[in-house]
Amino acid sequence: MTHAPTPELRARHDEAATDPALLDAVFDSASVEACRAQHRQLQFEVSRYIELLLGELATMARAAELKHLLHFIELTRQEAGDQTRRCSVDG
């Protein structure tokens with residue numbers, strides 16, 4: 001279960017997000033790790049959802065015999081799956 005950051009924490013994170021050294025300086029190590037874990041979880045959830053949506057779109061394109069569109073949807077779905085695996089909490 002993830003917890004939404006407080007507005008103050010979110011503002012500090014947004015300010016530091018472009019500079020990892022600043023992120024480490026602004027937050028203690030536990031906060032940094034919690035923020036990174038939360039970000040990985042968000043990436044996992046979004047990439048998994050996109051992967052599922054693309055699967056549905058691939059089914060539609062296949063049924064309509066839209067071969068070129070199906071090809072690009074499948075490539076994109078494969079990338080979403082790869083991203084999901086990279087962001088997996090277990091992996």
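The values are calculated or read from the model by the stated rules, or taken from the named source; none is laboratory data. Computed from a prediction, not measured in an experiment: that's the story for all the values here. Please note: Cβ atoms are built from the backbone with ideal geometry, for glycine as well, and neighbour counts cover all protein chains shown.
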**Message:** Checking ASP82 against (1) of a type in the set (D, E, K, R); (2) surrounded by fewer than 13 Cβ atoms within 10 Å (Cβ to Cβ); (3) modelled with pLDDT under 95; (4) part of a helix (DSSP H, G or I): exactly one of these is not met. Which one?
**Reply:** (3)
**Asked** Name the pairs whose Cβ atoms lie under 9 Å apart, with the first residue in the range 62-91 and farther than 28 Å from HIS39 by Cβ, the second not in a helix (DSSP H, G or I), and 6 or more positions between them or separate chains?
**Response** LEU70/ALA64
**Request:** Determine whether SER29 is among the hydroxyl-bearing types (Ser, Thr, Tyr), modelled with pLDDT of 70 or more and out of contact with any helix residue (DSSP H, G or I) (no Cβ under 8 Å at 6 or more places or on another chain).
**Result:** yes
**Prompt:** Could you say which residue among LEU42, LEU57 is at pLDDT 95 or above and not β-branched (Val, Ile, Thr)?
**Reply:** LEU57
